[in-house]
Amino acid sequence: MASLSAAKRIVVKIGSALLVDPTTGALRSAWLKSLATDVAAFKARGCDVVLVSSGSIALGRKVLGLSVGDVALEQSQAAAAVGQIQLARAYEEALGPHGITTAQILVTLEDSADRRRYLNSRATLETLLSLGVVPIVNENDTVATDEIRYGDNDRLAAQVAVTVGADQLVLLSDVDGFYSANPQRDPSARRFEMVKEITPQIEEMAGEGTSGLSKGGMKTKLMAAKTATGSGCAMLIAAGFVDHPLTSFDAGNSGTWFAPQMDPQSARKRWIASMKPLGQIVIDEGANRALKSGKSLLPAGVSGVSGSFERGDCVAITLVNGAAVALGISSYSSTEAAALIGLKTSEIEAVLGYPARAALVHRNDMAV
């Protein structure tokens, strides 16, 4: 069985039912402190950690005196606005004593659907992780309406895992794994240790969630698993109500692993290789050697740009004779790229008028 201790970059999803007492609406502070200790242990061994956390609406309801049942959209959004402050403060106070800096990231489905917003989100998350920060990600419920909502944080967590190239995604749940039927209704239901492939039969076994505060059921967890495993990220559904939910899993607590279909880097390369290029960047032989050795494409090695493309679009990278070298996602528009032909990295800001990225196409965004 896989182990969480093997993770190099992990995304952990925390649901409302784990973070907020369903009866009182109060934060479960002791549990959150135990999770913070787990996060600190992961960080201490060099693992990047991203937390995708629900709870803002549940916390905001308590502050505003709203009922636990269904409320109007405007009231939910108001509760989210109030509760998000409570949620951010709770994580800051839990992780701060361990010397861990936190950051708040609020997103909507529209942010991942729009290429420019997606790239900006990814760049921000990468920078935060490189600085040792633990990002706390949540859906921006104060502005999201049905057409731009993820609707549940299981799928949001999977999208975040894909965005940051995580090798493991953990969904801390009110159940200890994936069962052949709802274990609360069917005593004969069996828990899977490992799901190697999400077949139609597996999908038929998924039931609805039973928590009063969380919106995601097992169906949304399977949808998350499809997204994560298809991009090379292993996914674990594990019991979250226990203290120290991450370290206790490796100590013997039960859960269900969903096997990745490939490693994250290979999945990303294959995705890029399947894209249709909207432009062309011509490079010299020196740049060609650099790319083959695993380097990024810098403007200094570029001798020509053609086509019309924007930042985030796919471009073909070729030699002067037209020989194909790679496909890649451009960090610049065609207009900007044309202005940077042959320039040194130190000259980019003077030409564009603003600080910018050194690489025209980063090595992680390239299929050679």
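The values are calculated or read from the model by the stated rules, or taken from the named source; none is laboratory data. All figures in this text were calculated on a predicted structure; none of them were measured in a lab. Quick reminder, even Gly has a Cβ in these numbers, built from the backbone with ideal geometry, and neighbours come from all protein chains shown.
So ALA94 ticks every box in (1) crowded, with 21+ Cβ neighbours inside 10 Å; (2) touching a strand residue (DSSP E or B) at 6+ places or on another chain (Cβ under 8 Å) but one. Which box is left unticked?
(2)
Regarding GLU74, is this residue surrounded by 14 or more Cβ atoms within 10 Å (Cβ to Cβ) and of a type in the set (D, E, K, R)?
Spelling it out, it is not the case that GLU74 is surrounded by 14 or more Cβ atoms within 10 Å (Cβ to Cβ) and of a type in the set (D, E, K, R).
Can you work out which of the residues in region 263-305 that are hydroxyl-bearing (Ser, Thr, Tyr) and in contact (Cβ under 8 Å) with a residue 24 or more places away in the chain is nearest to GLY232 (Cα to Cα)?
Here is the first cut: in region 263-305, the ones hydroxyl-bearing (Ser, Thr, Tyr) are 266, 274, 293, 296, 303.
When the remaining residues are screened for being in contact (Cβ under 8 Å) with a residue 24 or more places away in the chain, the result is 266, 296, 303.
Details: SER266: 8, SER296: 22, SER303: 35 Å.
Checking each candidate, the answer is SER266.
Could you tell me how many of the residues in region 321-368 are in a loop (DSSP other than H, G, I, E, B), more than 14 Å from SER296 (Cβ to Cβ) and either among the hydrophobic types (A, V, I, L, M, F, W, C) or not assigned by TED's automatic domain parsing to the domain that holds ALA287 (or both)?
Adding up the residues that qualify gives 3.
Against the conditions (1) at pLDDT below 95; (2) outside any loop (DSSP other than H, G, I, E, B), where does GLY69 fall short? Just the number, please.
Of the numbered conditions (1) at pLDDT below 95; (2) outside any loop (DSSP other than H, G, I, E, B), the odd one out for GLY69 is (2).
Answer with yes or no whether LEU106 is closer than 30 Å to ILE329 by Cβ and modelled with pLDDT under 95.
Spelling it out, LEU106 is indeed closer than 30 Å to ILE329 by Cβ and modelled with pLDDT under 95.
Counting only residues that are touching a residue at least 60 places away in the same chain (Cβ under 8 Å) and under 14 Å from VAL164 (Cβ atoms), which one in region 106-132 is surrounded by the most Cβ atoms within 10 Å (Cβ to Cβ)?
So, considering only residues that are touching a residue at least 60 places away in the same chain (Cβ under 8 Å) and under 14 Å from VAL164 (Cβ atoms), the one surrounded by the most Cβ atoms within 10 Å (Cβ to Cβ) is LEU125.
Does VAL164 satisfy being in contact with a Phe, Trp or Tyr (Cβ under 9 Å, 6 or more places away or on another chain), hydrophobic (A, V, I, L, M, F, W, C), within 26 Å of SER56 (Cα to Cα) and buried (at least 18 other Cβ atoms within 10 Å of the Cβ)? Steps first, please.
Details: in contact with a Phe, Trp or Tyr (Cβ under 9 Å, 6 or more places away or on another chain): no; hydrophobic (A, V, I, L, M, F, W, C): yes; within 26 Å of SER56 (Cα to Cα): yes; buried (at least 18 other Cβ atoms within 10 Å of the Cβ): yes.
Taking the combined requirement at face value, the residue does not satisfy it.
When only residues in region 221-247 that are over 11 Å from ALA158 (Cα atoms) and either acidic (Asp, Glu) or without any contact (Cβ under 8 Å) to a residue 60 or more places away in the chain (or both) count, which is surrounded by the fewest Cβ atoms within 10 Å (Cβ to Cβ)?
Among residues in region 221-247 that are over 11 Å from ALA158 (Cα atoms) and either acidic (Asp, Glu) or without any contact (Cβ under 8 Å) to a residue 60 or more places away in the chain (or both), the one surrounded by the fewest Cβ atoms within 10 Å (Cβ to Cβ) is ASP243.
Sort out for me the helices (runs of 4 or more DSSP H) sitting completely within region 228-320 that have 3 or more residues that are within 21 Å of PHE192 (Cα to Cα).
247-250
How many residues are surrounded by 17 or more Cβ atoms within 10 Å (Cβ to Cβ) and part of a loop (DSSP other than H, G, I, E, B) when one looks only at region 23-66?
Total satisfying the criteria: 6.
Taking the conditions exactly as written (at pLDDT 80 or above, farther than 25 Å from PHE249 by Cβ, part of a helix (DSSP H, G or I) and of a type in the set (Asp, Glu)), does GLU93 satisfy them or not? If you could, list the steps in order and put the result at the bottom.
Numbers: at pLDDT 80 or above: yes; farther than 25 Å from PHE249 by Cβ: no; part of a helix (DSSP H, G or I): yes; of a type in the set (Asp, Glu): yes.
So GLU93 does not fit the description; no.
Being over 18 Å from GLN280 (Cβ atoms), modelled with pLDDT under 95 and surrounded by fewer than 18 Cβ atoms within 10 Å (Cβ to Cβ) narrows it down to one of SER346, SER333, so name that one.
SER346
In region 290-303, which residues are surrounded by 15 or more Cβ atoms within 10 Å (Cβ to Cβ) and small (Gly, Ala, Ser)?
Hits for region 290-303 are ALA290, SER296, ALA300, GLY301.
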